[in-house]
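Structure first, then comments.
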Amino acid sequence: MPDAPPPSPYRPDTPIAELAGWLGDPVEPADFPRTTLRFRNDRWATAVGVDDLSEGDWLKHFGRFDPLPDNLPKPLALRYHGHQFRVYNPEIGDGRGFLFAQLRDGGNRLLDLGTKGSGQTPWSRQGDGRLTLKGGVREILATEMLEALGVNTSKTFSIIETGEQLQRGDEPSPTRSAVMTRLSHGHIRIGSFQRLLALEEADHMRSLVDYCLAQFPGPPPPEDAPGRDEPAVRLLHLVVERLADLAASWMVAGFVHGVLNTDNMNITGESFDYGPWRFLPRWQPGFTAAYFDHSGLYAFGRQPEALHWNCGQLAVALRLIADAPPLIAALERFGPLYSAAIGRRWCWRVGIESLGPEKDAELVGQCEAYLAESDAPPDAFFHAHRGGRDLPDALRTLFEGRSALDSSHPYWDDAEPQTMLIEEVEAIWRSIDEADDWSPLHRKVAAIRRMGEAHGAAPEPAGHSASG
Ligand code: AMP
Ligand code: MG
């Protein structure tokens, strides 16, 4: 973490309004019986200039969804399709969420405030449009931990308990309800493009590509990339770069997202929508997070392949407006980009200098083999060997000749690293559920943020600007 994000005044800007007529539907938020503030992310509220809202005003905007000044007059439920476990589903879309507001940060980058659990929409099918409080608490924990481990993730902005009793198949029911607001650079998904292909809306596809390039810019494709001036090709290069880096960042964090469907893939490469996620207790490539993932499709070690496959689906959609060869050339960059990214990020997490893709790949491979063989918990491994200290014999020569990154933060002297294993997540939830005791959650968030300060900001690929 990145130091605290720089403060900015509130700067509403709603470029999505241009696309709203075909990208979404105006909807009404649910009228909740109660709104009790449970979590407010002051770190990020400061970055978008809403940190000085009183608690009452916060509840009005993020519990009742009164529009923010000069912002979207009505929430917008976004339309999209998606491959769910590789099966195409045209019946999805924002069924329990909407885009609430758009604003700019101090670096002029566009941010969306989007919801989960804010009520039914035209895309709810049989669903109640609600979020469980436990789901909200789990999303706080996932996003805070990932942010501290250098993953480009959506931020959990607000959790408000809403006083309803929900029935769920995968939680003891009835269970408490909540509405969440998340902050993220846009909510345009690969599935948003897939829908435009399915409906053969080529003009809208061009407009959406232009929107993404204008609002979420990045470096141009490599000099030798065919078709590099084509907007669709430029966008695919950016998404391949971002998702290759995202896949690498999850692997280095020991994180299993669990549901890597194309409707959960943000074009900005931000990780989001945390359902059945887990952090690895041991280095097991076959570790699967979702109880309903019977084939292990989205197991820990298969995440890079899943994201590459999802990039392929974006390419298929973009064929509506571009030729295949330059799109294929962009997809082929995924493997080498992933490999470079995991090396760079692995070195960062263990606190040593990167020596470039080839040497880093060797180091990652040997460390992985050591982790698998020794059964060492991954978080403990990175902590114990910070800056190359106390290495086992098997790894010593590999680390030689690499200087240590700054390891002066007192966190590095803690006997135990911060972890986010399921037992602790459940214990934090139990305190809330049984005793309405929120202090373990708040203590955990503070401890994770302290770890994040010790890590500092993760390395960016060459040519990329800092991510928020
Ligand atoms: P998710 O698993 O949250 O990514 O959601 C997949 C699809 O199911 C999306 O279209 C969601 O909006 C929809 N969905 C999931 N849960 C609910 C719910 N409780 N009510 C309405 N729609 C839902
Ligand atoms: Mg989703």
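The values are calculated or read from the model by the stated rules, or taken from the named source; none is laboratory data. Source: prediction; values computed, not measured. With ideal geometry, Cβ positions are generated from the backbone for all residues, glycine too; neighbour counts draw on all protein chains shown. These area figures cover heavy atoms from the full protein model, side chains too; ligands, DNA and RNA do not enter into them. Shrake-Rupley method; radii C 1.70, N 1.55, O 1.52, S 1.80 Å.
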Only one of Gly275, Gly269, Gly254, Gly286 that is open to solvent by 10 Å² or more (accessible area, probe 1.4 Å) and more than 15 Å from ligand 1 (Cβ to nearest atom): Gly286
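A quick yes/no check of all residues on (1) of a type in the set (Lys, Arg); (2) open to solvent by 30 Å² or more (accessible area, probe 1.4 Å); (3) in contact (Cβ under 8 Å) with a residue 40 or more places away in the chain:
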{"residue": "Gly312", "(1), (2), (3)": "no, no, no"}
{"residue": "Leu320", "(1), (2), (3)": "no, yes, yes"}
{"residue": "Pro336", "(1), (2), (3)": "no, yes, no"}
{"residue": "Trp346", "(1), (2), (3)": "no, no, yes"}
{"residue": "Ser354", "(1), (2), (3)": "no, yes, yes"}
{"residue": "Glu358", "(1), (2), (3)": "no, yes, no"}
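Conditions tested, residue by residue: (1) under 16 Å from Leu103 (Cβ atoms); (2) open to solvent by less than 70 Å² (accessible area, probe 1.4 Å); (3) under 22 Å from the mean Cα position of the chain (by Cα).
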position	(1), (2), (3)
Gly63	no, yes, no
Asp66	yes, yes, no
Leu72	yes, yes, no
Glu91	no, no, no
Any helices (runs of 4 or more DSSP H) falling wholly within segment 291-399 and containing at least 2 residues that are among the basic types (Lys, Arg): 334-350
From Arg206, Arg234, residue being among the basic types (Lys, Arg), within 20 Å of Asn310 (Cα to Cα) and in contact with a Gly (Cβ under 9 Å, 6 or more places away or on another chain): Arg234
Residues located in segment 91-120, provided they are within 16 Å of ligand 2 (Cβ to nearest atom) and in contact with a Leu (Cβ under 9 Å, 6 or more places away or on another chain): Gly93, Asp94, Arg96, Gly97, Phe98, Leu99, Asp112, Gly114, Thr115, Lys116, Gly117, Ser118
Pick from segment 102-131, criterion within 16 Å of ligand 1 (Cβ to nearest atom) and basic (Lys, Arg), ranking: nearest to the chain's Cα centre (by Cα): Lys116
Checking Thr262 against (1) within 16 Å of ligand 2 (Cβ to nearest atom); (2) over 22 Å from Asp203 (Cα atoms); (3) not basic (Lys, Arg), the condition it does not meet: (2)
Residue match in segment 147-165 (condition: in contact with a Ser or Thr (Cβ under 9 Å, 6 or more places away or on another chain) and within 19 Å of Gly93 (Cα to Cα)): yes
Positions within segment 121-130 being within 14 Å of ligand 2 (Cβ to nearest atom) and either open to solvent by 10 Å² or more (accessible area, probe 1.4 Å) or closer than 25 Å to Thr419 by Cα (or both), in sequence order: Thr121, Trp123, Ser124, Arg125, Gly127
Per-region count, segment 269-306, residues away from ligand 2 (no atom under 15 Å from the Cβ) and either among the small types (Gly, Ala, Ser) or touching a helix residue (DSSP H, G or I) at 6+ places or on another chain (Cβ under 9 Å) (or both): 21
Segment 268-279 - residue that is assigned to a loop (DSSP other than H, G, I, E, B) and in contact with a strand residue (DSSP E or B) (Cβ under 7 Å, 6 or more places away or on another chain) and, of those, nearest to Gly93 (Cα to Cα): Phe272
Unique match (being under 28 Å from Leu68 (Cβ atoms), in contact with a Leu (Cβ under 8 Å, 6 or more places away or on another chain) and part of a loop (DSSP other than H, G, I, E, B)) among His187, His204: His187
Which numbered condition Leu246 fails, given (1) within 16 Å of ligand 2 (Cβ to nearest atom); (2) open to solvent by less than 10 Å² (accessible area, probe 1.4 Å); (3) out of contact with any Ser or Thr (no Cβ under 7 Å at 6 or more places or on another chain): (3)
